[in-house]
Amino acid sequence: MPFTGQTFLDHVVITVRGGNGGDGCAAFHREKFVPYGPPSGGNGGRGADVYILPTPHLTTLSSIPKKVRGENGRNGQGTWQNGKNAPPCVIKVPLGTIVRELPLGDPRRAKDEWEAEEESLQGLGPEERKLKMRETRWLHYPGAADANVDRETFLEAEVAQYKLERERRVNRRRRVLEEPIRLDLDKEEVIERPVDAPLGIKQKEPLGHLVAAGGVGGVGNPYFLSTENRSPKFATRGHEGERITLELELKLLADIGLVGMPNAGKSTLLRALTGGRAKTEVAGYAFTTLNPVVGIVRVSEDGTWEGSISGQDIHDETWVEEAEEAKRMEEGEYAYALTRNEKASDDEYLTKMGRGHHFDVYETFRFTIADNPGLISQASEDRGLGHSFLRSMERSLALAYVVDLSAPNPWDELQVLREELEKYQPGMSARARIVIANKADLLAGEGSEEAVLEARNKLKQLQDFVDHEMVLPDGQKLALVPTSAKYSQNLDKLVLLLQQYVAEAREAQ
């Protein structure tokens with residue numbers, strides 16, 4: 001039963017545009033007994049600024065559109081009514097995303113607002129060019145356009161507007177050359193709510209980092225009121241928002257990265273460690289996981305971890321579990337089932353501890369663990385989307401090899417995994433701390449005597465290989481822990497070691 005999961009994407013180029021400012025208004029106040037009132041056109045609203053915000057709820061860039069544009073500001077109206085500013089536009093990206101502004105000359109870079117205007121004016125004569133530029137910058141009171149362009153006050157205002165525009169363009173070009181956007185979004189933004197904040201006030205949400213400013217709104221005709229011009233009949237249009245081209249590269253942030261061949265049991269292991277809370281697909285065929293999945297392992301002071309009190313001892317293939325669940329519901333097996341508040345437990349302490357928010361009181365340590373898509377031989381040469389998968393592990397504090405102990409030669413898998421890490425990035429394999437021999441069910445002695453003996457001999461051979469061939473550059477040996485993620489066997493020891501490695505890595509930072 002194949003699974004067509006969400007496409008994993010770790011590199012994308014997007015074009016971002018801030019919203020255009022709203023147009024100013026050329027109007028005059030009119031009311032009873034005031035047939036010729038003063039200029040009363042309102043200013044246009046500001047266009048939407050575009051921000052980029054990291055979030056831990058995403059693990060791929062596939063949901064980000066290639067073109068992002070902020071909303072335009074509203075136009076000004078008569079009786080001094082200013083246009084409404086557009087709300088900000090927020091692009092949400094996964095934690096660990098690196099944002100780079102493409103430099104001038106890069107063929108992938110889209111034209112900015114001034115370059116786009118120059119392109120639209122190509123092929124026009126001087127007079128046509130002048131008329132088109134005026135159309136995009138000025139609004140006239142009905143019937144006053146021809147008279148306005150001959151007035152000295154309008155020509156002076158036009159010169160002043162072009163001067164301000166040139167200054168903005170020079171400043172923008174200088175910023176692109178000297179201070180291009182470079183962001184490393186490795187931390188979630190949180191706004192602390194003051195303890196004495198009044199109740200009922202909505203908490204301010206973080207917006208992230210500004211990448212494209214919205215255009216300034218145009219000004220209404222009262223702006224041009226002067227002693228020389230008591231009745232200005234023109235206003236300005238809103239300015240265009242900034243246009244920018246960004247390159248996004250994702251390098252997932254997880255404390256522990258699981259490195260293994262396809263179908264080594266990494267997804268099952270992650271579900272077992274998180275008590276089934278990690279949304280990852282598990283099935284009996286290779287390449288079930290199509291994009292990295294990050295789960296959280298929470299540990300209490302006495303070493304109890306949240307997944308161990310889930311009440312689920314067997315983590316079967318996901319599609320099998322879903323089919324069995326649907327069958328039980330159709331047959332009415334849950335009609336008289338106990339509710340969550342009625343469920344009993346033999347262990348009074350674990351019942352009291354509870355999962356979810358109940359575990360918050362007992363939690364003293366937490367770490368994240370990433371289930372990365374399986375590696376294959378020559379992944380470092382980008383076979384099987386190798387670069388995408390390897391890149392997702394670059395920032396892990398520690399790596400954990402996961403091998404299938406039921407495979408004929410698990411040590412060969414281990415050798416390939418280490419070689420691919422080194423080929424992709426020399427020294428990357430030095431971050432490995434542990435080898436997890438998964439699918440070690442037979443070591444519990446539940447199979448035939450011959451099968452159990454074979455499994456134990458295979459584990460001994462794997463231990464010898466780890467001790468002699470997998471030694472780190474500093475002489476440290478990797479720990480080897482046999483587990484059965486499906487039956488939640490020997491996971492307490494695994495969680496204890498992973499917690500220790502994460503704590504050491506955090507202290508060393």
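Fewest-first ordering of Cys25, Cys89 by other beta carbons within 10 Å of each residue's beta carbon gives Cys89, Cys25. Per-residue Cβ neighbour counts within 10 Å put Phe224, Phe33 in the sequence Phe33, Phe224, beginning with the fewest.
Under 12 Å from the Cβ of Arg456, count the other residues' Cβ atoms, weight Lys and Arg +1, Asp and Glu -1, and hand me the total. Around Arg456, the charge tally is -1. Working note: Debye formula, equal point scatterers on the alpha-carbon atoms of the range 457-496, no solvent; log10 I(q)/I(0) at q = 0.20 Å⁻¹ is -0.71.
Which whole number of Å³ per residue matches the convex hull of the alpha-carbon atoms in the range 84-154? So the per-residue Cα hull volume is 186 Å³.
Taking all pairs of distinct Cα atoms, average 1/r, flip it, and tell me the Kirkwood hydrodynamic radius of the range 130-171 in Å to one decimal place. Before the final figure, lay out each step's value.
Values: mean 1/r = 0.0890 Å⁻¹.
Taking every pair of different Cα atoms in the range 130-171, averaging 1/r and inverting gives 11.2 Å.
Remark: for residue pairs Lys132/Lys163; Lys130/Lys163; Lys423/Lys477; Lys132/Lys233; Lys251/Lys439; Lys266/Lys493, the C-alpha separation exceeds 27 Å in Lys251/Lys439. Each other residue within a Cβ distance under 11 Å of Glu228 adds +1 if Lys or Arg and -1 if Asp or Glu, for a net charge of 0.
Taking neighbour Cβ counts within 10 Å as the exposure measure, how do Tyr401, Tyr141 sort from fewest upward?
The fewest-first ordering by Cβ neighbours comes to Tyr141, Tyr401.
Val299 sits among other residues whose Cβ lies under 10 Å from its own Cβ, and their net charge, with Lys and Arg +1 and Asp and Glu -1, is -2.
Here, each number is a calculation from the coordinates, and none is a lab measurement. These numbers come from a predicted model, not from an experiment. All Cβ positions, glycine included, derive from the backbone under ideal geometry; neighbour counts span all protein chains shown.
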